[in-house]
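Enquirer: If you scroll down you'll find the structure; I have some questions about it.
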Amino acid sequence: MSDVQTDVRAYTLRLELVDEPGELLRSLRPIAENGGNLLSIFHERGNVTPRGHIPVEVDVEATPARFEKIIDGLRDAGINVIQAGTERYSEGLTVILSGHVIDTDLSDTLSRIQESANASVTDLSLAAPEGTANVSSARISIAAEKGATDVVLDKIRAVADEKELRLVEPLAN
């Protein structure tokens, strides 16, 4: 008979790293320090996420308790964890923001969405047919922890209200 907390399992982590020397090593440190066994790394330096960062997929072996410590260690180190295992970000939603999306600091808007309920922006399409100083729109796809979409939507509504953006919510994923 096996104990669920001591069984070693394989997990996949999807990380979003800044494109700077040493970031990959910095992201691996919490895995090693918390007893994770590295299985593989897929570093997609040729691709970038909607926020302009590098997606990295890491496969590790760990007990469930150690895996949770790895996740906490990554977050404490400021590493953006897009997916952890299979359950972490199991709900998705897509919204559209319209107005002066670019002029009101799109990067700030995306960062604030990701701060809520461990949400992650997974895709972004931007349209500015009359130039960046005029009205623009963004279609934003978001992955959120199971049961957290209401919290994420509340955050998006607050940001849209503050920046006087129109919000179309949510589109079916």
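Enquirer: Using helices alone, what [θ] at 222 nm do you get for the chain, with -39,500 (n - 2.57) per DSSP H run of 4 or more residues, divided over all residues and rounded to the nearest 500?
Expert: Computed mean residue ellipticity for the chain: -8500 deg cm²/dmol.
Enquirer: Further question on the same structure: In degrees between 0 and 90, to the nearest 10, how far off the longest principal axis of the chain does helix 106-115 point, with axes built from Cα atoms?
Expert: 40
Enquirer: For ALA32, what is the net charge nearby, where nearby means another residue's Cβ is under 15 Å from its Cβ and Lys, Arg count +1, Asp, Glu -1?
Expert: -1
Enquirer: Another one. Kirkwood hydrodynamic radius, computed over distinct alpha-carbon pairs, for the chain: how many Å, to one decimal?
Expert: Result for the chain, one decimal place: 17.3 Å.
Enquirer: A further question on this structure: Where does each of LYS155, LYS163 land when they are ordered by accessible area, with a 1.4 Å probe and the largest first?
Expert: LYS155, LYS163
Enquirer: Counting only heavy atoms of the protein chains, get the accessible area per residue of the chain (1.4 Å probe) and round it to a whole Å² value.
Expert: On a per-residue basis, the chain sits at 53 Å².
Enquirer: Further question: Would you rank ILE41, ILE156 by solvent-accessible area, highest first, keeping every protein chain in place and using a 1.4 Å probe?
Expert: Order by accessible area, largest first: ILE41, ILE156.
Enquirer: Here's something else I'd like to know. Applying 1/(1 + (r/R0)^6) with R0 = 25 Å to the Cβ-Cβ distance of ASP19 and ALA127, what FRET efficiency is obtained, to the nearest 0.05?
Expert: Calculated transfer efficiency: 0.45.
Enquirer: How far is helix 149-162 tilted off the main Cα axis of the chain, in degrees rounded to 10, range 0 to 90?
Expert: Here the helix axis deviates by roughly 40 degrees.
Enquirer: Moving on. Report Rg/Rh for segment 131-173, rounded to two decimals, where Rg is the Cα radius of gyration and Rh the Kirkwood radius.
Expert: 1.01
Enquirer: In whole percent, how big is the carbon plus sulfur part of the accessible area of the chain, probe 1.4 Å, protein atoms only?
Expert: Solvent-exposed carbon and sulfur of the chain make up 48 percent of the total.
Enquirer: Follow-up question, since we're still on this one. Let me have the relative contact order for the chain, percent, based on Cα pairs under 8 Å that are six or more residues apart.
Expert: Taking the mean separation of contacting Cα pairs over the length of the chain, I get 23 percent.
The values are calculated or read from the model by the stated rules, or taken from the named source; none is laboratory data. Quick caveat: nothing in here was measured; it's all calculated off a predicted structure. So basically every Cβ, Gly included, is an ideal-geometry build from the backbone, and we count neighbours across all protein chains shown. We work out accessible area using only protein heavy atoms, side chains counted, and drop any ligands, DNA or RNA first. Shrake-Rupley method; radii C 1.70, N 1.55, O 1.52, S 1.80 Å.
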